[in-house]
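The numbers here are math on the coordinates, done by the rules we state, and not lab data. Since this is a predicted model, take the numbers as computed values, not measurements. Positions of Cβ are backbone-derived with ideal geometry, glycine not excepted, and every protein chain shown enters the neighbour counts.
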There are 2 protein chains.
Amino acid sequence: MIDKFIEILREHNLKKTPKRIAILQLLESQSTYISPLELWDILKQQFTRIGLPTVYRILQQFQEIGIVASIQKEDNQLYYFLCSTQQDHHHFICRKCHKVSCVEYCDFDTIKQLVENQLQSKAETHFLQIEGLCKECRDS
Amino acid sequence: MIDKFIEILREHNLKKTPKRIAILQLLESQSTYISPLELWDILKQQFTRIGLPTVYRILQQFQEIGIVASIQKEDNQLYYFLCSTQQDHHHFICRKCHKVSCVEYCDFDTIKQLVENQLQSKAETHFLQIEGLCKECRDS
DNA sequence: TGATAAACAAAAATCATTTTCATTTAGAAT
DNA sequence: ATTCTAAATGAAAATGATTTTTGTTTATCA
């Protein structure tokens, strides 16, 4: 599965480097969102020399080529997670374990209509994020 | 209408100061979102001595007592606008003039059900933000 | 008026994120 | 295998939004 991502890297002229692979593996092993700093802490155990800007750079690049996505949190920091679904969808975030799941749902037509009726305005995009407890955390 | 807000200030032991009043008036005159820095630039024309931290503090306090709300933008900066609607609702933002309007709509029950069915997870909260062109901007 | 709790300015601190630049590395071409 | 070149990286410094600190001022109430 990592191979699929490396293929995408190649398509975008991004080289297959040990650090990129390590980040992909880390993101894949846990489907939770993570901050550049947290990721750096983990990577420092694997690499003697790794700079925080590298982590930031790689995550940004991954986002640009559509293999990771980021979420909005009220602390106004960046959090990333693996998500290569191109299709219009939203995310469910577990507030306990921070796992992110895709939600295949989008009622944008209804929203569009509502905004049209209520405000006579033209809805173009929307952002929906759902939070709660995931299957595992709700039971424990 | 400013009086209503000053009453709320009093209820929360916040004094009626010239700067707070000025900020309330500015927020009310334009129903657009604004950053602390932009607000500061305007206030500096009115007050010889006014610090940026004051602007930040006042906006935070206003948010705490529920008379302003903030929006999420991809630049990860803070933007505030007047909104004292307590009821569950969402916001429509004009991408051209930055006007913010409340959207009286919330399909959380459907979302809850969907998350339950798709992920067996428990949806607790959600965040929806709609962007587009407001009535005025779509016509011009 | 005074008293006093809150508000404020100014300056410095904090902290996430980005830039710069010199060095190293991956991957293609030889 | 070796060379070449663009891309990747580390280290250090820069940036820029936001927050804290501290000493002074102000709003409100007795």
Taking R0 as 25 Å, what's the FRET efficiency between B:Q30 and B:D88 from their Cβ-Cβ distance, rounded to 0.05?
-> 0.50
For A:T17, which inter-copy label distances result when the label point lies 7 Å beyond Cα on the Cα-to-Cβ vector, reported in nm to one decimal and in ascending order?
-> 4.8
Would you tell me the mean number of C-beta atoms belonging to other protein chains that fall within 10 Å of each C-beta in B:64-73, as a whole number?
-> 1
Take peptides A:102-113, B:96-107 and line them up by average Cβ neighbours within 10 Å, highest first, as a rough protection proxy.
-> B:96-107, A:102-113
Mean per-residue count of partner chain Cβ within 10 Å for B:103-115 equals 4
Give me the angle, in degrees from 0 to 90, between the Cα long axis of helix A:108-119 and the longest principal axis of the Cα atoms of chain A, rounded to the nearest 10.
-> 50
Under 18 Å Cα-Cα from A:K4, which lysines qualify once same-chain neighbours fewer than 8 residues away are excluded?
-> A:K15, A:K16, A:K19
Convex hull of the stretch B:86-140 built on C-alpha atoms - directionally averaged projected area, nm² | 4.7
For chain B, longest principal axis from Cα atoms; helix B:2-11 axis from its Cα atoms; angle between them, nearest 10 degrees, is 80
Can you find, among B:L119, A:I2, B:L37, the residue farthest towards the positive end of the dipole of the protein assembly as shown? Put +1 on the C-beta of Lys and Arg, -1 on that of Asp and Glu.
-> B:L37
Mean ellipticity per residue at 222 nm, deg cm²/dmol - from DSSP H runs of n ≥ 4 across the protein assembly as shown, formula -39500 (n - 2.57) = -13500 deg cm²/dmol
Between copies, how close do the B:D3 label points come, placed 7 Å along Cα→Cβ, listed in nm from shortest?
-> 7.5
Excluding near-sequence neighbours (fewer than 8 apart on one chain), the stretch A:36-140 holds lysine pairs with C-alpha atoms under 20 Å apart numbering 5
Across A:131-137, the residue-averaged tally of Cβ atoms belonging to other chains within 10 Å stands at 5
With x for Gly and Pro, the residue-by-residue ³J(HN,Hα) of the stretch B:12-27, computed from phi through the Karplus equation 6.51 cos²θ - 1.76 cosθ + 1.60 at θ = phi - 60° and given in whole Hz, is 9, 6, 9, 6, 7, 10, x, 6, 5, 5, 4, 5, 4, 5, 5, 5
Taking a label point 7 Å from Cα toward Cβ, how far is A:C97 from its twins in the other copies, in nm, shortest first?
-> 4.8
Would you please classify the overall shape of the stretch A:1-93 from the alpha carbon gyration tensor, given that a ≥ b ≥ c denote the square roots of the eigenvalues, rounded means a/c under 1.5, and beyond that prolate means a/b larger than b/c while oblate covers the rest?
-> oblate
Report relative contact order for the stretch A:86-134 in percent, whole number only (criteria: Cα-Cα under 8 Å, sequence separation at least 6).
-> 47
